[in-house]
Amino acid sequence: MGSSGVLKVELSWQAAAVTSACLLGVTAAIRLHGAIGPRVAARRAAARPGDAVPRPGARPLRAGLAAAAPYTQEVGIVVGLFALWQFAGRYAPRIQGGALARAQWIWHAERVARLPNEAAVQRLFLPYPLIVQAFNLYYASLHYIVLMAMLAWMFLRHRDRYPEVRAALVLLTGACLLIQLIPVAPPRMLPLAGMVDTGVRYGQSVYGPVAGFNPTEVSAMPSVHVAWALLIGVAVVRFSASRWRWLALAYPAATTLVVVVTANHFWADGIVAGVLLALAMLAYRGWRAARLALGRRLRPQPAGPRVQPGRVHAPVRGPAEAD
């Protein structure tokens with residue numbers, strides 16, 4: 001629990017990068033050991049036949065390490081993605097005027113499109129401090145916890161479909177990071193929006209205790225919170241066999257409401273996140289179809305009977321035709 005009262009479950013980008021590197025390094029070491037360990041043991045056995053008896057527990061230990069490698073690899077990849085997201089959001093070049101101007105354009109575009117006014121939605125919840133504080137905690141902590149839980153569930157229960165979800169996550173997060181290089185201020189920084197910074201009001205801000213223009217905050221477009229929540233909802237609906245799986249769609253809906261009420265994102269930020277998720281899933285399917293088609297084309301065809309040029313084989317005659 002931080003000094004501001006926000007539950008700190010996130011790592012800094014430096015800590016996340018070091019954690020990811022360690023996990024991937026452990027994975028590489030385990031697989032290298034599994035590849036060369038048996039060869040080294042065989043050479044030792046050939047050189048010293050009397051020492052060929054394996055040590056007790058050596059094989060179970062090797063099998064256990066091999067089984068752990070996929071887990072350390074996947075956690076390392078996800079933590080590395082998180083580190084990249086944090087790094088890009090902190091060190092991307094920012095221009096204050098451009099961020100505010102783009103936020104103002106989004107605000108006016110939403111009014112033209114007749115989208116609900118974010119400030120009006122926020123005012124419905126402001127009289128209820130406990131709900132608003134719960135929303136602040138939700139925004140600060142829940143997105144990463146639920147994402148990791150979903151990935152663990154996919155890896156353990158639906159491993160054959162896990163690569164699809166992981167690829168969608170990588171493509172989706174990468175696309176979000178590229179767009180976030182263009183600074184866009186959140187609605188709580190836009191004076192004409194008239195919205196309250198709920199994190200600062202209740203001392204729960206993940207950005208700092210003072211409201212104002214912070215260069216690390218102007219990556220509102222698109223919302224990675226909503227993007228990940230949509231991926232989680234779609235994955236559960238697609239791959240779960242439970243009749244209650246459709247309730248998972250309540251999670252991205254709740255996340256969208258939370259990011260709006262806390263004045264961290266516009267509706268448009270969530271809409272763009274949904275479009276990016278659809279494009280990421282289509283890109284993966286297209287890549288997979290192209291890979292399968294290329295594999296079929298490169299696969300060697302079974303060899304048929306060889307016929308020498310200029311020689312015709314006589315048809316095989318049955319017993320009735322021999323006479």
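The values are calculated or read from the model by the stated rules, or taken from the named source; none is laboratory data. None of the values given here were measured: they were computed from a predicted structure. Ideal geometry is used to build each Cβ from the backbone, glycine not excepted, and the neighbour counts take in all protein chains shown. Just the protein is used for accessible areas: all its heavy atoms, side chains included, with ligands, DNA and RNA removed. Shrake-Rupley method; radii C 1.70, N 1.55, O 1.52, S 1.80 Å.
At most 16 other Cβ atoms within 10 Å and a DSSP loop assignment: could you name the trypsin sites (Lys or Arg not before Pro) in region 110-216 that fit? Walk me through the intermediate numbers first.
Values: sites: Arg111, Arg114, Arg123, Arg157, Arg159, Arg161, Arg166, Arg188, Arg201; in loops: Arg114, Arg159, Arg161.
Those that pass, being in a loop and sparsely packed, are Arg114, Arg159, Arg161.
Can you give me the relative contact order of region 103-227 as a percent, contacts being Cα pairs under 8 Å and 6 or more apart?
Details: 86 pairs, mean separation 38.5, N = 125.
Worked out over region 103-227, it gives 31 percent.
Any idea of the accessible area per residue across region 178-287, 1.4 Å probe, to the nearest Å²?
It amounts to 41 Å² per residue over region 178-287.
What number comes out for the charge environment of His158, summing +1 per Lys or Arg and -1 per Asp or Glu over other residues with Cβ under 14 Å away?
+3
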